[in-house]
Structure formats: structure tokens, C-alpha cells
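What follows is a short report on a single structure.
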Amino acid sequence: MQLHTPLWNFVLAVYAQPEVEDLCLRLQNDHGLSINRLLFAGWLASEQKQLNLDALAQSNAVRWQTEVTAPLRALRYKVREDIKPVADSVYNAMRRAELEAERVELAYFYETSLEWPLESSKSVEELLEDNLASLLKGIDDTKVNAIKVLASAFLDTIRE
């Protein structure tokens, strides 16, 4: 499996934009959403593809996220709560491990998406809105702001 993919490049570019990191972390921490899924949804739109939640649910990426990435994050948060100078090195190592686990997860997302058909009847903007809305169902006003901020960041990255 290739870890350096066009999806990885896109994720790095989007995540570095103003407001994106804070918004994604709020959606993850307050609503239990996967940052990687949100970023994947935007990348799919840039590739003229519709997010397929059923296919996604069956993917290795979701299994990896459930069995590896999420438990690593939970352990890292636990270490952070009890942080002491001795635990700093453990915490930082766990952060690096979690980032690498997320990179593997994104590589699985990328592989999964290669099988998905192009959606030529919709614009990138329509696909962005549809893809993000499918992940943000039931998140009230936060949803509207999240879609605007993320869609803007995605479009800025796509146009570069």
C-alpha cells in the first residue's frame, strides 16, 4: 500500500489552512466525527466523486480507524490527562504513532475511492456540499458553519 497519495497531499494542504484544524478538532471532540472522513469527503469532490457511505462502512479504512487509530487516540488522551514530565516523551511518541495510523487510514480511503465512479452530473461545489452534509447529518448550526469553512478551504486547495 502506498502511503504517499494525492489524498495525503490534499489533506496536508487543507489542514494547514486557517480555521480548518480548530473546526475539525471541534467536530471530532464535540460530535465524534472523523477528521479523516471529512477531509476525504472534500478530496472526493475534487476528484468528481460522491461519498458512498455504504461502501465506506465496508472499507478497510473504517476497520483500521476503529481498531487502531481511535484506540491510539484514546490512549494518548489518557496519557495527556496524567501528564508529568516523565510522560512527555510517551505522549509525543503516541502523537507520532497516531499521525502515522491516520496516514495509513487515509491510504485505505484512497484505495477504496479508486473503485468509485465519477459523478459528472454535479459540480465540485455541489459534490462538496453533498459529501460534507452526509457526514454532518444532525449537527444543527455547527453543520452550516462547518460546511462553509471546510468547503472554502477545499476549494482554495483545489484551485491551487
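The values are calculated or read from the model by the stated rules, or taken from the named source; none is laboratory data. In this text the structure is predicted, and so the values were computed from the model without any measurement. With ideal geometry, Cβ positions are generated from the backbone for all residues, glycine too; neighbour counts draw on all protein chains shown.
List the pairs whose first member sits in region 55-84 and is touching a residue at least 24 places away in the same chain (Cβ under 8 Å) and under 12 Å from Y108 (Cα atoms), whose second member is assigned to a helix (DSSP H, G or I) and of a type in the set (D, E, K, R), and whose Cβ atoms are under 6 Å apart, counting only residues at least 6 apart or on separate chains?
These pairs meet every condition: A61/E105; W64/E105; Q65/E105.
Identify, please: which residue in region 1-17 is in contact (Cβ under 8 Å) with a residue 12 or more places away in the chain and surrounded by fewer than 15 Cβ atoms within 10 Å (Cβ to Cβ) and is, among those, nearest to W116 (Cα to Cα)? Full working, then the answer.
The initial filter retains those residues of region 1-17 that are in contact (Cβ under 8 Å) with a residue 12 or more places away in the chain, namely 1-3, 5-8, 10-11, 13-15, 17.
Next, from what is left, pick out any that are surrounded by fewer than 15 Cβ atoms within 10 Å (Cβ to Cβ): 1-3, 6, 15.
Details: M1: 18, Q2: 18, L3: 19, P6: 16, Y15: 24 Å.
Per the stated criteria, the residue is P6.
Where residues in region 20-44 are surrounded by 21 or more Cβ atoms within 10 Å (Cβ to Cβ) and more than 25 Å from L118 (Cα to Cα), which of them is modelled with the lowest pLDDT?
Applying the filter and picking the extreme gives L27.
Applying the selection to region 24-44, what residues are in contact (Cβ under 8 Å) with a residue 12 or more places away in the chain, in contact with a Ser or Thr (Cβ under 9 Å, 6 or more places away or on another chain) and not hydroxyl-bearing (S, T, Y)?
R26, L27, D30, H31, N36, F40, A41, G42, W43, L44 - these are the residues of region 24-44 that are in contact (Cβ under 8 Å) with a residue 12 or more places away in the chain, in contact with a Ser or Thr (Cβ under 9 Å, 6 or more places away or on another chain) and not hydroxyl-bearing (S, T, Y).
Need a quick list: helices (runs of 4 or more DSSP H) entirely within region 1-82 having at least 3 residues that are over 14 Å from the mean Cα position of the chain (by Cα) and farther than 20 Å from F154 by Cα. Lay out the reasoning, then the answer.
Working: elements: 6-15, 20-31, 35-46, 53-57, 60-64, 70-81.
The qualifying helices (runs of 4 or more DSSP H) are 53-57, 70-81.
Starting from residues that are under 24 Å from V68 (Cα atoms) and modelled with pLDDT under 85, keep the ones in region 94-152 and report whichever is surrounded by the most Cβ atoms within 10 Å (Cβ to Cβ).
Here the answer is L135.
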